[in-house]
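Notes follow once the structure below has been shown.
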Protein chains: 2
Amino acid sequence: MELFIIPLGTASAIPTRTRHLSSVALWRAGRLLLFDCGEGTQYRLLAAHLKSSRLEAIFITHFHGDHFYGLFGLLATLSMVNRTDPLVVVGPEGIGKVIESVPGLSAKERGFPIRYVELAEDVTHAVVFETPEYVVTARPVEHRVFTVGYRFEERMRPGHLDVARAQALGVTDPAQYRALKEGQPVWARNRWVRPEEVVGPPIPGRTFAYLTDTRPCENGRLLAEGVDLLYHEATFGDEHRALAIERGHATAREAAELARAAGAHRLLLGHFSARYEDPSPLVAEARIIFPNTEAAEELKRYAVPLHNPRQASLQETANVTDSRGR
Amino acid sequence: MELFIIPLGTASAIPTRTRHLSSVALWRAGRLLLFDCGEGTQYRLLAAHLKSSRLEAIFITHFHGDHFYGLFGLLATLSMVNRTDPLVVVGPEGIGKVIESVPGLSAKERGFPIRYVELAEDVTHAVVFETPEYVVTARPVEHRVFTVGYRFEERMRPGHLDVARAQALGVTDPAQYRALKEGQPVWARNRWVRPEEVVGPPIPGRTFAYLTDTRPCENGRLLAEGVDLLYHEATFGDEHRALAIERGHATAREAAELARAAGAHRLLLGHFSARYEDPSPLVAEARIIFPNTEAAEELKRYAVPLHNPRQASLQETANVTDSRGR
């Protein structure tokens, strides 16, 4: 089942001729999620050939304009193309009021309902969106204003059924196949066939974390714990660490340190200051700490394959807090 | 003195892969005006190599999102690049409240002041912005919601001084040149040298009108009267005239009829429905009525030269209302 991350905008604060304002798309089996929605996101969806009609939910990190001013135009367009399906918008408390106050976007003017999930500043850890296939959680992170980070996690899926083996044991009914995949024994040739005889181990879910704008912090690490792909801001390089601290941002090195501490598999850096026309020096600084690092390239599709070794140990290490020293 | 019109976005309602939401820039001697500011305008200014720091005023026609959602990001960026000069924002009544309600854009959060010029629904004809060099006026036009059209008009400038001739008559002092250009006689070689002896006729100003979204209407014609360049919406072609009427838009032919009735010199069509990937059929329909018509091309610079014959007669025909039959 395909799962891609597509960075739509990797600029910080102000756009450049080559970088757009913050937004990262997650495309999974024909459904779309957006993390942040800076101005121009609807153009970037067009450019990325991602159908905005497939949008299920939008997750906003904080109320700095470069992360959410694109909501207005995108929602207006969804209404104009006659969307009727509800849309979920997750963000800091007040996001509903902000949207509904803009002319054209009130519930009366729009053609489709929005379900707002608003996070109060005292939130510690919240499930903000879930479907039968996946869960998105949020935790507060450390920026100049209230900001949250997000973690996307597929639920564990039943293992693969070995049909040939099942048939050899006399199981031929599709209803029995379903029962076996759901963990129930079935009766065939005068005996109980147990699931473990014909169904492989459960397939762990794939994971993605989105962390911007933030200093490296414990909640960031928790959100990124063991993820297959981590998108983390790297607004500055080493030489501007003081500025990063002052403005509540992270350097590329700090993003890499967090990725390592969290046991993430792969790191994409984004949210680059306009001063870095070429982000490769930032990538170089990060790779010293965390070799599997790249600069997020806008419109490129990053597949999120399950990184098995990590997943195998995820359950055991979930409560280990001293993994930072690895 | 250079005067260019640069269409930044020529889409209607929803953007396409090749067309952006409504905005037209006017660049005059290093200063910038914007007519409408759809989402993405700040990106289009970058693409057009127009410095947003040169912005003097923004004129919004109406409260449909595709005409003003780009204000938010543009204003935020101006603040982030440390603008301190005041900016003028002209638009329908309530535009100040809309802007100031968006997180990040209140007067307290912004680094520069905005002077709002708000037009009430009962406005008939208003001067909305003026400088020593030019004037912008507005009139209500006919759309589904309250909408205004705009006319930009340079003030008449003093004629050219024939320096060689002035010197032959004994006038050599720069202060005397200035006086002559301002219409005052000067004393040289024991006689009064009158301005008309050495200064050419006053140079009429150049004019531009911006009309979208609107049905063709009398106020539109008045705004476009004798302009050197008219930008007019042409959302639909002939085959969708009923739709144009229903939605308060114009067909290409109707735009051309208005241009002809107004005695405009040149017509740029824009605000094309997404159904017209190629707008040339619309241009063909318009040219039957008004040959000097083109489809506005995004990012192209359209010089606005003075069209003398028209200007010469402008003063006489200003009050003639039956020019429609020409």
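The values are calculated or read from the model by the stated rules, or taken from the named source; none is laboratory data. Bear in mind the structure is a predicted one, so any value in this text is a computation, not a measurement. Cβ placement follows ideal geometry from the backbone for every residue including glycine, while neighbour counts extend to all protein chains displayed. Quick note on the areas: whole protein, heavy atoms, side chains included, nothing else; ligands and nucleic acids left out. Shrake-Rupley method; radii C 1.70, N 1.55, O 1.52, S 1.80 Å.
For this structure, a couple of remarks:
- For chain A: rounded, prolate or oblate by the Cα gyration tensor [a/c cutoff 1.5]: oblate
- Helical runs (DSSP H, four residues minimum) scored at -39500 (n - 2.57) apiece and divided by the length of the protein assembly as shown put the mean residue ellipticity at 222 nm at -7000 deg cm²/dmol.
- Neighbour net charge for B:Q167 - beta-carbon separation under 12 angstrom, K R +1, D E -1: 0
- Using a 7 Å projection from Cα along Cα-to-Cβ, the label point at A:Q167 is separated from the same position in the remaining copies by 10.5 nm, smallest value first.
- Inter-centroid distance (Cα atoms) of region A:199-253 relative to region A:121-172, Å: 18 Å
- Residue of A:D36, A:D122, A:D66 that the Gaussian network model of chain A assigns the largest fluctuation, springs spanning Cα pairs under 10 Å: A:D122
- Trypsin sites (Lys or Arg not before Pro) restricted to region A:237-286 and DSSP loop, no more than 13 other C-beta within 10 Å: A:R275
- Environment charge at A:T18 (Cβ cut-off 15 Å; Lys +1, Arg +1, Asp -1, Glu -1): +2
- Against chain A, whose longest principal axis is taken from its Cα atoms, helix A:280-289 shows a tilt of about 50°.
- Using alpha-carbon coordinates, inclination of helix A:70-80 to the longest axis of chain A, degrees: 60 degrees
- 1.4 Å probe, heavy atoms, protein only - residues of region A:28-52 losing at least 50 Å² accessible area vs chain alone: A:E39, A:Y43, A:L46
- Peptide B:63-76 shows a mean partner chain C-beta count of 6 within 10 Å per residue C-beta.
- Choice from A:R221, A:R178, A:R83 showing the highest fluctuation, given a GNM over chain A with Cα pairs closer than 10 Å: A:R178
- With its label point defined 7 Å out from Cα along the Cα-to-Cβ axis, B:A274 lies at 3.0 nm from the matching points of the other copies, in increasing order.
- Taking Cα atoms only, the orientation of helix A:308-317 departs from the longest principal axis of chain A by about 90 degrees.
- Carbon/sulfur fraction of accessible area - chain A, other protein chains in place, 1.4 Å, %: 52 percent
- Residue among A:P103, A:P305, A:P140 with the largest mean-square fluctuation in a Gaussian network model of chain A, springs linking Cα atoms under 10 Å: A:P103
- Heavy-atom accessible area order for A:H49, A:H125, largest first, 1.4 Å probe: A:H49, A:H125
- Average accessible surface for region B:59-119: 35 Å² per residue, computed with a 1.4 Å probe over protein heavy atoms with every protein chain in place.
- Loss of accessible area when B meets A, both sides summed, Å² nearest 100, probe 1.4 Å: 2600 Å²
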